[in-house]
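Written out below as structure tokens is the structure these notes cover.
The values are calculated or read from the model by the stated rules, or taken from the named source; none is laboratory data. Just so it is clear, the model here is predicted, and its values are computed rather than measured. Reconstructed Cβ throughout: ideal geometry from the backbone, glycine too, with neighbour counts over all protein chains shown. For accessibility, only protein heavy atoms count, side chains too; no ligands or nucleic acids. Shrake-Rupley method; radii C 1.70, N 1.55, O 1.52, S 1.80 Å.
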Amino acid sequence: MPFPKSGDYEAKMAQVQKQVDQAIERIFSKAEFQRYLEVASKFPKYSLNNVVMIYAQKPEATMVQGYNAWKEMGRQVQKGETDR
């Protein structure tokens, strides 16, 4: 889910929190806990919140890196590019 185009930090954080809340609700209310554990096992160095965000946005992810790490690997994100 893309962020609003405005620079409103509070709106962006509210949207992120909503995604986290929805993911947590799905994990526990729809018996998806096993799938969540599978995602979490791929990213043991990440915090609970970050794993929930990965689960919410791209549960099939196999690698998560920061912008500079991707750049060092020779990969470049193009403006406006999404995986969806």
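What is the packing order of peptides 71-78, 8-15, taking the mean over residues of other C-beta atoms within 10 Å and listing the highest first? Can you show the working numbers first?
Numbers: 71-78: 9.1, 8-15: 11.4.
Packing proxy ranking, top to bottom: 8-15, 71-78.
The phi torsions of the range 63-75, fed into the Karplus equation with coefficients 6.51, -1.76 and 1.60 and a -60° offset, translate into couplings of 8, 10, 9, x, 3, 5, 5, 4, 4, 5, 7, x, 10 Hz, rounded to whole numbers, with Gly and Pro shown as x. The apolar share of the surface of the chain, taken as the fraction of accessible area on carbon and sulfur atoms (1.4 Å probe, ligands and nucleic acids excluded), comes to 54 percent. On a per residue basis, the chain carries 79 Å² of accessible surface, using protein heavy atoms and a 1.4 Å probe. Charge dipole (Cα centre; +1 on Lys/Arg Cβ, -1 on Asp/Glu Cβ; no other charges) of the chain amounts to roughly 160 debye.
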